[in-house]
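These notes are about the structure you will find just below.
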Amino acid sequence: MEFLKKSLKISEYKVKYEKVLILLLHYPPIPFEIPENCIRCAEHTDYGTFTILFQDNMGGLEVKNRNNEWVQAHPVPGALLVNVGEILQKFTSGRLRATPHRVLIPEEERRKRCPRKSMAFFLSPDYEVIVKPFEEPKDETKSYQTSRDYLCSRLVSTYTH
Ligand SMILES: O=C(O)CCC(=O)C(=O)O
Ligand SMILES: [Fe+2]
């Protein structure tokens, strides 16, 4: 967290602890014909502070840049991918933007017929941390959402469909 404090020049870093959720993802091989435009993981932004992602060499991951263009995030051996999450976007008043990303199915037959594996470390503030811009002083007359409320509401809105 020190690097965030330095790069954003935050004098008081209030996120005392970080919750970590580790997701091991296995995308099965596709042994049959599928319609065009099928995807492995739909466009989304992660909810927390940031996500550290390891991916194998199957490819398919794309991130959206600030010009709203999809850019392939090719796997680089030994490299990690870091995605900014929604809570960090809120902490920084949008100076850091939550990265939209998705996982497509490679055109290439060999990679389509192989599984894809990835490992995601989702970091989120401790549950009682208030989700508000760092530079904004706390207003005692306002009611704020905690990290727990924010994460729960995002999970509910995602999984009620
Ligand atoms: O499998 C991947 O590379 C991405 C997974 C992902 O974005 C997620 O689980 O939130
Ligand atoms: Fe994600």
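The values are calculated or read from the model by the stated rules, or taken from the named source; none is laboratory data. None of the values given here were measured: they were computed from a predicted structure. A quick note on method: Cβ atoms are made from the backbone with ideal geometry, for glycine too, and the neighbour counts reach across all protein chains shown. To get the accessible areas, we keep the full protein, side chains included, count just its heavy atoms, and leave off ligands, DNA and RNA. Shrake-Rupley method; radii C 1.70, N 1.55, O 1.52, S 1.80 Å.
Being basic (Lys, Arg) and more than 29 Å from ILE34 (Cα to Cα) is the filter; apply it to the range 77-124 and report the residue that is nearest to ligand 2 (Cβ to nearest atom). Show your work before the answer.
Within the range 77-124, the first condition is being basic (Lys, Arg), and the residues that meet it are 90, 95, 97, 102, 110-113, 116-117.
Within this subset, residues satisfying the condition of being more than 29 Å from ILE34 (Cα to Cα) are 90, 95, 97.
Values: LYS90: 17, ARG95: 21, ARG97: 14 Å.
Once the filter is applied, the top-ranked residue is ARG97.
Determine if the range 37-47 includes at least one residue that is closer than 25 Å to ARG154 by Cα, of a type in the set (S, T, N, Q) and without any contact (Cβ under 8 Å) to a residue 12 or more places away in the chain. No; the residues of the range 37-47 include none that is closer than 25 Å to ARG154 by Cα, of a type in the set (S, T, N, Q) and without any contact (Cβ under 8 Å) to a residue 12 or more places away in the chain.
Please specify each residue of the range 120-130 satisfying the condition of being open to solvent by 40 Å² or more (accessible area, probe 1.4 Å) and within 21 Å of PHE3 (Cβ to Cβ). Scanning the range 120-130 gives PHE121, PHE122.
Condition check: within 14 Å of ligand 2 (Cβ to nearest atom) and surrounded by fewer than 17 Cβ atoms within 10 Å (Cβ to Cβ). Does VAL156 satisfy that? Answer is no for this residue.
Each residue in the range 113-144 was checked for being in contact with a Gly (Cβ under 8 Å, 6 or more places away or on another chain), under 21 Å from LYS19 (Cβ atoms) and within 16 Å of ligand 1 (Cβ to nearest atom), and 3 pass.
Of the residues in the range 125-145, not one is in contact (Cβ under 8 Å) with a residue 12 or more places away in the chain and within 16 Å of ligand 2 (Cβ to nearest atom).
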